[in-house]
Amino acid sequence: MSCQVIQTDQAPAAIGPYSQAIKVDNWLFVSGQIGLNPKTGELVGGDFKEQAKQVLENIKNILIAGGCGMADVISAEVFLTDIGQFTAFNEVYQQYFGDHKPTRAVVEVKGLPRGACVEMKCMAHLH
């Protein structure tokens, strides 16, 4: 088994002791992403949908750096600070996944790093 760290400047740098993603054989494990702008390292506006879109952009760019795309995601975990935003998140999520429907869990949490309102991590399989 070989492990490769995946790092791209098209997604925010890690804000702790972890990697953006790790590739193990044909699997890519993407760390939790919040709505940080990769250029500034700051959380994008206070609007939920704006943060959700940035989260998915960050995920997409890490997947590309790892040699795959959104259609290769097989499982996702989503953390919301307000489960009342579930429908709003689904609207943004569907724009990125279209008809592809990976397995997924969405849970409400008390808080997220930097005061973010949404975080997502995923696992993808490379063909």
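The values are calculated or read from the model by the stated rules, or taken from the named source; none is laboratory data. Here the structure is a predicted model, which is why all the values come from computation and not from measurement. We place every Cβ from the backbone using ideal geometry, glycine too, and count neighbours over all the protein chains shown.
Some points to look at:
- Unmet criterion (only one of (1) closer than 15 Å to Val30 by Cα; (2) under 12 Å from the mean Cα position of the chain (by Cα)) for Val118: (1)
- Tally of residues being more than 17 Å from Phe29 (Cβ to Cβ), buried (at least 24 other Cβ atoms within 10 Å of the Cβ) and hydrophobic (A, V, I, L, M, F, W, C) across the stretch 47-64: 1
- Any hit, the stretch 94-114, residues being of a type outside the set (A, V, I, L, M, F, W, C), farther than 18 Å from Gly46 by Cα, in a helix (DSSP H, G or I) and within 13 Å of the chain's Cα centre (by Cα): yes
- When residues of the stretch 14-44 are limited to those that are among the aliphatic types (A, V, I, L, M) and either over 22 Å from His125 (Cα atoms) or not in a strand (DSSP E or B) (or both), the one modelled with the lowest pLDDT: Ile15
- Looking only at residues of the stretch 1-13 that are over 16 Å from the mean Cα position of the chain (by Cα) and in a loop (DSSP other than H, G, I, E, B), we find that the one that is modelled with the lowest pLDDT is Met1.
- Only residues that are in contact with a helix residue (DSSP H, G or I) (Cβ under 9 Å, 6 or more places away or on another chain), in a helix (DSSP H, G or I) and closer than 21 Å to Gln10 by Cα were counted across the stretch 52-93, and they come to 13.
- With respect to the conditions (1) free of Cβ contacts under 8 Å to residues at least 24 places away in the same chain; (2) surrounded by 20 or more Cβ atoms within 10 Å (Cβ to Cβ), Val30 lacks only one, and its number is (1).
- Restricting the stretch 75-89 to residues that are of a type in the set (S, T, N, Q) and surrounded by fewer than 15 Cβ atoms within 10 Å (Cβ to Cβ), the residue that is farthest from Gly45 (Cα to Cα): Ser75
- Among (1) small (Gly, Ala, Ser); (2) crowded, with 17+ Cβ neighbours inside 10 Å; (3) over 13 Å from the mean Cα position of the chain (by Cα), the one test that Gly41 misses: (2)
- Asp72 being among the acidic types (Asp, Glu) and surrounded by fewer than 15 Cβ atoms within 10 Å (Cβ to Cβ): no
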